[in-house]
Amino acid sequence: MRIFLSGPMGSGKSTAAKALGELAGLPVVDLDARIVAQTGVSVAEIFRSRGEQSFRELEASAIDDLLRTSPACVVALGGGTVTSQRLRRRLLAAGVLVTLDAPPAELARRVGGDAERPLLADVDVVARLGALREARADAYAECHARIDTSRVSPHAIAAQALRIAHDPPIVVPLGTRTYRVEVGAGVRSRLPERLLQAGGSAAALLVSDSQIGPLWGRELAAQLTAAGVRVVSVELAPGEPAKTLDSVHTLWNTALDAGIDRGWTVLGVGGGVVGDLSGFAAATLLRGVRVGHVPTTLLAMVDSAIGGKTGFDTRHGKNLIGAIHQPSFVLSDVEVLATLPIEERRAGLAEVVKSAWLDGEAAVAELEADAPELVAGDVAATLRAIRMAARLKARIVSEDEREQGARALLNLGHTLGHAIESSQGYEGMRHGEAVSLGMVAAFRVAARLGHADAAQGERARRLLDRLGLPTGVDGFLTERVLSFLGSDKKRARDSLGYVVPALPGQAEQVSLPIAQLTALLCGK
């Protein structure tokens, strides 16, 4: 276990690191002290004689050495260490990154007029610390958790940091819009705390449907009310047919009738349809209010609740009208999956297969080994699958939030899958089932283009079969289904951006004329 403590100077990193090391039984490294020991020169002197850039390079080198040699430790970082995005993202991946903070006046009281603080020389300390915190806001926000250290003892800080390290969330690092995906049993009980932490007024529009509302939505509404939150609830009709502008109007009018202001949060408690509709409503109400998700299907936990894509369907196709609006938090509670029919659970596994193939060989092999347990609903196997898929999506979204590059790979299997759903009027086939057929088709296209051999497609098909998903795609390559390819969001004139898989961890989006794609799908 590695725990990295970040934050502005005066936030208590060194003191808290010592307390945390004692509590966790881990060696403690003070990064500034290590650099001084290695160079024989004080931090202030390095800044004076070599400049800040030289010091940042020394920090990066020291971090490289730590990650290479210390698999378990507590590290007190320098105040500016995480200002390097590359370094910050490495720390997020290599351990648990916790930001310590306090108001500028408290930080100034702690550091005083320390002459060894090079960035505080000959300045108004409170103003300078406030400006540094503001300038580094994006960097400090990208962490597994944030702890306010004012009026808190080092031992209390250490205990809180250790709890986080034992159950770390998955971070979607997007600067000050960073959010966390919490996966586990019972995490839905954290909803009142997460809502209040998001800020604004203690009021929420809770969106569910007529199936999920009685199971989970009303329970969560009661918890929020008990915590002093004003809750206005809406229960929509269930399923993909409800993913329409009429449902959006219902959410808009309910919120506006209730006197919504920009301090409200829209809460989506349900599957992908509820999540998409609540996210779109949040993106458009008052030109944008916060949204939080409590996904209640496996499909939503591994895909739609993460990444901020929102929208609704039209007669022209699926998700052609929408917005990207990132949530403030996601609480993926595996306890709610116990009420899912097995067909729904299997449908969610299609997106898990997609994620594993994009992630790499280790993820695919683990999924193959876990297949029987996943079908049976084993909690440990399900948690592994959700975390793998959520980590992959978090990484890709952080690299490409608006689908200008790598995020397009998440559409593997979706081009034909969406066409099948659209052709059926969004009834009769679950989204994951359609994606399963779309993946089989994608491997066929990949083989015919020479991007993958038949063995890769056969391996993917066997895995989908073992998970109880449909793989007989030929019966769906009808004229009506293929006509919907032209309505795909990735269309550019007469061509489509189509994701072509190869070996696990290898996929690319290629531009194919729709006529050529149709021929490849149909074996012509």
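The values are calculated or read from the model by the stated rules, or taken from the named source; none is laboratory data. Computed from a predicted model, the values in this text were never measured in an experiment. Glycine gets a Cβ as well: all are built from the backbone with ideal geometry, and neighbour counts include every protein chain shown. Side chains included, ligands, DNA and RNA excluded: accessible areas come from the protein's heavy atoms. Shrake-Rupley method; radii C 1.70, N 1.55, O 1.52, S 1.80 Å.
Yes/no per residue for (1) at pLDDT 95 or above; (2) under 30 Å from residue 376 (Cβ atoms); (3) among the aromatic types (Phe, Trp, Tyr):
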| position | (1), (2), (3) |
| --- | --- |
| 423 | no, no, no |
| 426 | no, yes, yes |
| 429 | no, yes, no |
| 440 | yes, yes, no |
| 473 | yes, yes, no |
| 479 | no, no, no |
| 493 | no, no, no |
| 507 | yes, yes, no |
| 511 | no, no, no |
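Which residue, of 7, 40, 25, is open to solvent by 10 Å² or more (accessible area, probe 1.4 Å), modelled with pLDDT of 95 or more and at positive phi?
Values: 7 fails: open to solvent by 10 Å² or more (accessible area, probe 1.4 Å); 40 fails: modelled with pLDDT of 95 or more.
That would be 25, the only listed residue that is open to solvent by 10 Å² or more (accessible area, probe 1.4 Å), modelled with pLDDT of 95 or more and at positive phi.
Identify, please: which residue in segment 507-519 is open to solvent by 20 Å² or more (accessible area, probe 1.4 Å) and in contact (Cβ under 8 Å) with a residue 40 or more places away in the chain and is, among those, farthest from the chain's Cα centre (by Cα)? Even if it seems obvious, please write down each step before you answer.
Taking segment 507-519 and keeping what is open to solvent by 20 Å² or more (accessible area, probe 1.4 Å), we get 507-511, 513-516, 518-519.
Among the residues that remain, those that are also in contact (Cβ under 8 Å) with a residue 40 or more places away in the chain are: 507-510.
Working: 507: 21, 508: 22, 509: 22, 510: 26 Å.
The qualifying residue farthest from the chain's Cα centre (by Cα) is 510.
Being under 19 Å from residue 6 (Cα atoms), touching a strand residue (DSSP E or B) at 6+ places or on another chain (Cβ under 9 Å), at pLDDT 95 or above and open to solvent by 50 Å² or more (accessible area, probe 1.4 Å), is that true of even one residue in segment 86-97?
If we filter segment 86-97 for residues that are under 19 Å from residue 6 (Cα atoms), which is where we start, we get 86-97.
Still in the running and touching a strand residue (DSSP E or B) at 6+ places or on another chain (Cβ under 9 Å): 88, 91-92, 94-97.
Still in the running and at pLDDT 95 or above: 88, 91-92, 94-97.
Filter once more, keeping what is open to solvent by 50 Å² or more (accessible area, probe 1.4 Å): none.
No: zero hits.
Only one of these is among the aliphatic types (A, V, I, L, M) and either assigned to a helix (DSSP H, G or I) or out of contact with any strand residue (DSSP E or B) (no Cβ under 9 Å at 6 or more places or on another chain) (or both): 269, 248. Name it. That would be 248, the only listed residue that is among the aliphatic types (A, V, I, L, M) and either assigned to a helix (DSSP H, G or I) or out of contact with any strand residue (DSSP E or B) (no Cβ under 9 Å at 6 or more places or on another chain) (or both).
Would you check which residues across segment 414-427 are buried (at least 24 other Cβ atoms within 10 Å of the Cβ) and either more than 23 Å from the chain's Cα centre (by Cα) or more than 22 Å from residue 237 (Cα to Cα) (or both) and list them? Steps first, please.
Initial filter on segment 414-427 (buried (at least 24 other Cβ atoms within 10 Å of the Cβ)): 414-422.
414, 415, 416, 417, 419, 420, 421, 422 - these are the residues of segment 414-427 that are buried (at least 24 other Cβ atoms within 10 Å of the Cβ) and either more than 23 Å from the chain's Cα centre (by Cα) or more than 22 Å from residue 237 (Cα to Cα) (or both).
Scanning segment 341-366 for residues that are under 19 Å from residue 297 (Cα atoms) and either without any contact (Cβ under 8 Å) to a residue 24 or more places away in the chain or buried (at least 19 other Cβ atoms within 10 Å of the Cβ) (or both) yields a total of 13. With respect to being without any contact (Cβ under 8 Å) to a residue 40 or more places away in the chain, within 21 Å of residue 460 (Cβ to Cβ) and not hydrophobic (A, V, I, L, M, F, W, C), residue 432 falls outside the description.
When residue 44 is tested against (1) touching a residue at least 40 places away in the same chain (Cβ under 8 Å); (2) within 19 Å of residue 4 (Cβ to Cβ), just one condition goes unmet, and that condition is (2). Looking only at residues of segment 290-335 that are crowded, with 24+ Cβ neighbours inside 10 Å and among the β-branched types (Val, Ile, Thr), we find that the one that is farthest from residue 170 (Cα to Cα) is 310.
Selection over segment 513-524 of residues that are among the β-branched types (Val, Ile, Thr) and either at pLDDT below 90 or touching a Ser or Thr at 6+ places or on another chain (Cβ under 7 Å) (or both) gives a count of 1.
Go over the candidates 58, 31 one by one and state the one that is open to solvent by 20 Å² or more (accessible area, probe 1.4 Å) and touching a helix residue (DSSP H, G or I) at 6+ places or on another chain (Cβ under 7 Å). Break it down stepwise before answering.
Working: 31 fails: open to solvent by 20 Å² or more (accessible area, probe 1.4 Å).
58 is the lone residue from the list that is open to solvent by 20 Å² or more (accessible area, probe 1.4 Å) and touching a helix residue (DSSP H, G or I) at 6+ places or on another chain (Cβ under 7 Å).
Scan segment 463-475 for residues that are β-branched (Val, Ile, Thr) and open to solvent by 60 Å² or more (accessible area, probe 1.4 Å) and the total you get is 0.
Restricting segment 441-462 to residues that are in contact with a helix residue (DSSP H, G or I) (Cβ under 6 Å, 6 or more places away or on another chain) and buried (at least 22 other Cβ atoms within 10 Å of the Cβ), the residue that is nearest to residue 276 (Cα to Cα) is 441. Checking each residue in segment 367-380 for being closer than 16 Å to residue 183 by Cβ, open to solvent by 30 Å² or more (accessible area, probe 1.4 Å) and assigned to a helix (DSSP H, G or I) picks out 379, 380.
Taken over segment 381-413, the criterion of being open to solvent by less than 10 Å² (accessible area, probe 1.4 Å) and either in a loop (DSSP other than H, G, I, E, B) or modelled with pLDDT under 95 (or both) is satisfied by 407, 408, 412, 413. Among the residues of segment 239-251, none qualifies, meaning not one is without any contact (Cβ under 8 Å) to a residue 60 or more places away in the chain and crowded, with 24+ Cβ neighbours inside 10 Å.
Please verify whether residue 83 is among the hydroxyl-bearing types (Ser, Thr, Tyr), surrounded by 14 or more Cβ atoms within 10 Å (Cβ to Cβ) and free of Cβ contacts under 8 Å to residues at least 24 places away in the same chain, treating the condition exactly as stated.
Values: among the hydroxyl-bearing types (Ser, Thr, Tyr): yes; surrounded by 14 or more Cβ atoms within 10 Å (Cβ to Cβ): yes; free of Cβ contacts under 8 Å to residues at least 24 places away in the same chain: no.
Judged against the criteria, residue 83 is not a match.
Restricting the first member to segment 63-79 and to residues that are within 13 Å of residue 98 (Cα to Cα) and at pLDDT below 95, and the second to residues that are in a loop (DSSP other than H, G, I, E, B) and of a type in the set (A, V, I, L, M, F, W, C), the beta-carbon pairs closer than 6 Å and six or more apart or on different chains are 79/9. Taken over segment 478-489, the criterion of being touching a residue at least 40 places away in the same chain (Cβ under 8 Å) and either open to solvent by less than 30 Å² (accessible area, probe 1.4 Å) or part of a helix (DSSP H, G or I) (or both) is satisfied by 480, 481, 482, 483, 484, 485, 487, 488. Against the list (1) in a loop (DSSP other than H, G, I, E, B); (2) within 23 Å of the chain's Cα centre (by Cα); (3) within 20 Å of residue 504 (Cβ to Cβ), the condition residue 451 fails is (2). The set of residues in segment 305-355 being over 19 Å from the mean Cα position of the chain (by Cα), among the polar types (S, T, N, Q) and part of a strand (DSSP E or B) consists of 314, 319.
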